[in-house]
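Have a look at the structure below, then the notes.
The values are calculated or read from the model by the stated rules, or taken from the named source; none is laboratory data. On a predicted model such as this, the values are computed, not experimentally measured, just so you know. Glycine gets a Cβ as well: all are built from the backbone with ideal geometry, and neighbour counts include every protein chain shown. Areas reflect the complete protein model, heavy atoms only, side chains present, ligands, DNA and RNA absent. Shrake-Rupley method; radii C 1.70, N 1.55, O 1.52, S 1.80 Å.
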There are 2 protein chains.
Amino acid sequence: MRLSELSAETGVSTASLKFYLRESLLEPGEPRTRTQADYGPAHVERVRLIRALVESGGLSLAQVRRVIEALDSPTVPRHELLGVAQDALTDGTAYDEDPDWTAAAVAFVEHRDWRIRDGDVLLPQLGSQLKALADTCGVGGASTLDRWADAAEAIAAGDLETLTDDDEQALRTAIVGTVLSDRVLQTLRRLAQQNLTATLLERAGAERQTNKAGPDSLR
Amino acid sequence: MRLSELSAETGVSTASLKFYLRESLLEPGEPRTRTQADYGPAHVERVRLIRALVESGGLSLAQVRRVIEALDSPTVPRHELLGVAQDALTDGTAYDEDPDWTAAAVAFVEHRDWRIRDGDVLLPQLGSQLKALADTCGVGGASTLDRWADAAEAIAAGDLETLTDDDEQALRTAIVGTVLSDRVLQTLRRLAQQNLTATLLERAGAERQTNKAGPDSLR
């Protein structure tokens, strides 16, 4: 198909497609004439992936590039899949490393009996995030952290299950699934907050009703 | 303190501070001379907040502005706290609304018995995220979604508990706590993935050892 047809098929503007081509995120099409190229199903799939990563996943262009490079690299051994996915998704932010908070993160991981690569970038990252939480709103005490870690373990167990099915798709699932489902989880958390607030409000209302009924019925 | 001292106190460059002032994210200091102003503890706190939202929370400038406006607005009734927080954190992405997937999101929320505002922007957002997951890697079946929703409920219950303590800080905690702890949860999920991978690998290694010992011991 032509570029205009690729655009129609994926809903991505030709301007964006040309940008992806220029940035080598998308492979050039098969040359057809001097000014036209032919695009196939692999292009459609790649464009949909880039779009999902940028729009739904909120990734930067640099992150999309790392993800694409990882996906295009020769087969990654299965036990390194999540590591490669994690590296590709590293957000490249230069975290202010605070030794005390990194130590706190390491201590927490040890408290959970989690086996983490020595010197993993996730540890100072966690430390810096915990510091930001403590500095700005005093949230993130030990019991909260444990609750979050319980939730993270349950989710990670599911992540690993999804990897056992199809070798071909495994890295793609590890990377794309993780980044997109991070967003799904954020949305579900907000929905669950809303539901709980509604439930608590109704309960408070019912209690007020009961309290009001009390004295009235005594009259 | 002077601007240079505010910079030293917060670790944020004077160029960034001037940018915050120009963008009205930071209130002007008390004028001291014609070219100098005086900054106090409220400025230090505000600068730390902006920095945490941008650096650890990954918020855009537009989102930081909405968060600041919400925090500066007159007292928000307690039962609207999370709603205001959620509105401030809306990422402003124009989600491709797909009626079928929005309907799927609504059906899921009903299946969970969650009470969500009619027409809430979170529903098409969830639909679009689920569509992206399904399109790109076929993840997000019913059992996975239920597992995530269980985790989201556990986390949201904790979110609401943190709000019951201090009225003054409640909105700040609702907004800042949610955005920063989203990141903490992402990091914890990756750490938990790494731990599980290490555990599974070790188990697989141990099984290989056992299998090897078998035939050898028969010889």
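Give me the pairs, please: first residue somewhere in segment B:1-17 and closer than 22 Å to residue A:131 by Cβ, second residue anywhere and of a type in the set (D, E, K, R) and open to solvent by 60 Å² or more (accessible area, probe 1.4 Å), beta-carbon distance under 8 Å, and either six or more positions apart or on two chains.
That search, which allows pairs on different chains as well, returns B:10/B:48; B:11/A:96.
Show me the helices (runs of 4 or more DSSP H) entirely contained within segment A:1-71 in which 2 or more residues are over 19 Å from residue A:176 (Cα atoms). Let's see the steps before the verdict.
Details: elements: A:3-10, A:14-22, A:41-51.
Qualifying helices (runs of 4 or more DSSP H): A:3-10, A:14-22.
Of all residues in segment A:117-148, how many are of a type in the set (A, V, I, L, M) and within 7 Å of chain B (Cβ to nearest Cβ)? Quick ask: steps written out before the conclusion?
We begin by selecting, within segment A:117-148, every residue of a type in the set (A, V, I, L, M); these are A:121-123, A:126, A:130, A:132-134, A:139, A:142, A:145.
Next, only the ones that are within 7 Å of chain B (Cβ to nearest Cβ) stay: A:122, A:126, A:130, A:132-133, A:139.
Of the residues in that region, 6 qualify.
I'd like the full set of residues that are of a type in the set (Val, Ile, Thr) and out of contact with any helix residue (DSSP H, G or I) (no Cβ under 6 Å at 6 or more places or on another chain), limited to segment A:31-49. Walk me through it before giving the result.
To start, the set of residues in segment A:31-49 that are of a type in the set (Val, Ile, Thr) comprises A:33, A:35, A:44, A:47.
The answer is A:33, A:35.
Read through the list (1) at pLDDT 75 or above; (2) within 7 Å of chain B (Cβ to nearest Cβ), then give the number of the only condition that residue A:102 fails.
(2)
Give segment B:112-125 a look and list any residue that's closer than 18 Å to residue B:156 by Cα and open to solvent by 60 Å² or more (accessible area, probe 1.4 Å), or say none.
Matches in segment B:112-125: B:113, B:115, B:117.
Restricting to segment B:7-19, give me the number of residues that are within 17 Å of residue A:136 (Cβ to Cβ) and in contact with a helix residue (DSSP H, G or I) (Cβ under 6 Å, 6 or more places away or on another chain).
Qualifying residue count, segment B:7-19: 3.
Name every residue in segment A:97-113 that is assigned to a loop (DSSP other than H, G, I, E, B) and free of Cβ contacts under 8 Å to residues at least 24 places away in the same chain, in order of residue number.
Step one: filter segment A:97-113 for residues assigned to a loop (DSSP other than H, G, I, E, B), giving A:97-98, A:112-113.
The one that is assigned to a loop (DSSP other than H, G, I, E, B) and free of Cβ contacts under 8 Å to residues at least 24 places away in the same chain: A:113.
Going by what's in this entry, would residue B:189 be described as surrounded by 19 or more Cβ atoms within 10 Å (Cβ to Cβ), facing chain A (nearest Cβ under 7 Å) and in contact (Cβ under 8 Å) with a residue 60 or more places away in the chain?
no
Report yes if residue B:182 is more than 26 Å from residue A:114 (Cα to Cα), facing chain A (nearest Cβ under 7 Å) and either at pLDDT below 85 or surrounded by 24 or more Cβ atoms within 10 Å (Cβ to Cβ) (or both), otherwise no. Working first, answer last.
Numbers: more than 26 Å from residue A:114 (Cα to Cα): no; facing chain A (nearest Cβ under 7 Å): yes; either at pLDDT below 85 or surrounded by 24 or more Cβ atoms within 10 Å (Cβ to Cβ) (or both): yes.
In short, no.
Would you check which residues across segment B:68-99 are modelled with pLDDT of 80 or more and within 11 Å of another protein chain (Cβ to nearest Cβ) and list them?
The one that is modelled with pLDDT of 80 or more and within 11 Å of another protein chain (Cβ to nearest Cβ): B:98.
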